[in-house]
1. Whose amide H sits under 5 Å from the amide H of Gly177, counting only residues 5 or more places off or on another chain, with H placed in the peptide plane?
2. Springs between alpha-carbon pairs under 10 angstrom, Gaussian network model over the chain: which of Leu64, Leu137, Leu106 fluctuates most?
3. Counting Lys and Arg as +1 and Asp and Glu as -1, each charge on the Cβ, what is the dipole of the chain about the Cα centre in debye, to the nearest 20?
4. What is the gain in length, in nm to one decimal, between Leu203 and Asp164 on full extension, counting 0.36 nm per residue of separation less the C-alpha to C-alpha distance?
5. Post the alpha-carbon centroid distance, the stretch 162-201 to the stretch 73-102, in whole angstrom.
6. Considering only Ser221, Ser65, Ser195, give the residue with the highest GNM mean-square fluctuation for the chain, with springs between Cα atoms whenever their separation is below 10 Å.
7. Of the lysine pairs in the chain, how many meet both conditions: Cα atoms under 22 Å apart, and a spacing of 8 or more in sequence or different chains?
8. Select from Lys72, Lys155, Lys15 the residue whose mean-square fluctuation is largest in a Gaussian network model of the chain (Cα-Cα springs shorter than 10 Å).
Amino acid sequence: MELSGQTALVTGAGKRIGRGIALELAKNGVSLVLHYGQSAQEAEETAHMVRQLGVDAAVEGCDLSHPDETQKWSQKIWQKYPISLLVNNAAHYPKSTYKTIDSNMLQASMDLLFLSPLMLIKQLHASTESAAVVNVLDTRMANQDFQHVAYHMGKRALWKATKDLAWELAPKTRVNGVAPGVILAPPGANQDWESRMAGTNPLGRIGEVQEVASAVCYLLSAAFTTGQIVYVDGGRHLKGAES
C-alpha cells in the first residue's frame, strides 16, 4: 500500500513516541491529524515539524478518557478529514497493584486504552473504503507488570481486540499492533535508568523512537498483513521478565 497522499490520525501525537510516529509518517508523504489530550502546545510543535517536511498537519483535541465523547468527536473528525490510516497511541501509565487497584482505576484504563481506540477504529471502518490501523501496545503484554496492573489490563484488552478486529473487519480494514519495549525513560526516572534497563532484553540496549515509528509505517503499508503484533523490544518479550 502506498502511504504517500493518504491522511493519518495519530492519537497522543504531541510528544514522545506519538511525535516520532507522526514525523515518520510525514517523511513518507502522509498528511497528519494530530490528536492531543492535554498537550496542546506540544501537538502544535509537532504540527510545525510535520509541515516543515512538506505535508499538511491539523491539530485536534479530545479527552479520550470518555469513550462516548470520543465517539461523537470521531464523527466530526471524519467529516473534516479523509482519514484512511489510524494509529492508536494515546496512553497513561499510573501505578497500580492488585492490592491497590479499584474499579475506578480499572475503568479509567479501559476507557482510554481500549474503549476509545475501539470507537475510533469503528468510525474509520464505517467512513473509509480501504483502511489500516496500528495499535501501539506494550511488550509487557507477553508477561507481567505487577506495578501497573490497570494499565496492563487495558493494553491486554487492546491486544485482544487487535486480533479479533483483524478478522472481523477484513478485508476492508487491516488491524495490526506494535509492542514497544524499553524506548524512553519515564518522567522522573533515575540517572541509572538507561544502564539498568538495557540489560532487560537480549540485545542489551535501549530502543529508539525511530525504530518504533518505522515498524508502524511498515504495518500501515503492508497490504497483505493483518492481525500481527510486531515486538520492537530487543527481544524482551522472550524473557518473561517482570520489569
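1. Under 5 Å from the amide H of Gly177: Asn135, Gln228, Ile229, Val230.
2. Highest fluctuation among the options: Leu106.
3. Using only the charged Cβ atoms, the result is roughly 360 debye.
4. Result: 10.9 nm gained on full extension.
5. 15
6. Ser195
7. 20
8. Lys72
Since every read-out is calculated from the coordinates, none of them should be taken as a lab result. Predicted model only: the values in this text are computed from it and were never measured. For neighbour counting, all protein chains shown are included, and Cβ atoms are generated from backbone atoms with ideal geometry for every residue, glycine included.
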